[in-house]
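A.B. asks: The structure that follows is given in the form of structure tokens.
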Amino acid sequence: MAKRTIDQLVDAVVLKDNQAKTDIQTAVLAWINEAYFKIARRDLKCFEDIKTFNITSAANIYTIETIIPGCRKIISLSSISGEIAVRDAKKNLDSFNSSAVNPSSGYPSKAYDTGNKLYFDSTPDTTYSITAYYYLMPSAVTLGAPAEYLLIPSVYEDLVINYAKAIYDFKAHNYKAVDRAKAEFEAELRKWEVEEHNKRFNNYDQIIELQEAQNMDIFGKEDL
């Protein structure tokens, strides 16, 4: 299925209600963005991105939005010097004491993510180029934007259309339709998450099987 432009998504909602586009296009666009941001808060592959930034001997504390613009959640950090374990300090922010991170000098082994700051457990002894894999929080979509502006796969575009239609039904006091549409939205979104989760584990299993097969092949050749 070809991806639709943002205008086409708005039209898809409006046509269901037989209204002139100009009457409700601003409201529909806001509802589409509301659905889009709900989807973007899930850990889905379509929102994965990569960014390289430098850490220097000047500091061990960095503002996340500065070094990784648009970052919602850091997946991993690494460089040619090795992996840096990411610790989520947001869940225990009250008990997290930034002064307790008493950095030594050298290559960091851990980074503490407080939501807006990243605390490395070592002050770099030189400049390191760090690669971050992360989940992006996208910008709001706007009228006139091309199809590629919406990051979700085309097969899930009906999710945002139906969600926006549900809010319109709410405005029209069709509450049963709203409850049904929102339940379907959450169910489809959960199904999407499960499918991606299973696919990642299947890929992991395939890698393990390949490694085991390669090991068996090596052992077989050594026995000859």
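A.B. asks: Say each of His197 and Glu184 gets a label point 7 Å from the Cα, pointing the same way as Cα to Cβ; how far apart are those two points in nm?
C.D. replies: Label at His197, label at Glu184, 2.4 nm between them.
A.B. asks: Follow-up question, since we're still on this one. Hey, what D do you get for segment 45-136 in µm²/s if you plug the Kirkwood alpha-carbon radius into Stokes-Einstein at 37 °C and 0.692 mPa s?
C.D. replies: Answer, rounded: 249 µm²/s.
A.B. asks: In whole angstrom, note down how far apart the Cα centers of segment 109-163 and segment 31-94 are.
C.D. replies: Between the Cα centres of segment 109-163 and segment 31-94 lies a distance of 6 Å.
A.B. asks: List every residue whose amide H lies under 5 Å from the amide H of Ile130, counting only residues 5 or more places away in sequence or on a different chain, with H placed 1.01 Å from N in the peptide plane.
C.D. replies: Amide H neighbours of Ile130, under 5 Å, 5+ apart: Phe53, Asn54, Ile55.
Every number in this text was worked out from the coordinates using simple rules, so none of it is lab data. If you're wondering where the values come from, they're calculated on a predicted model, not measured in any experiment. Heads up, the Cβs are rebuilt from the backbone with ideal geometry, glycines too, and the neighbour counts pull from every protein chain shown.
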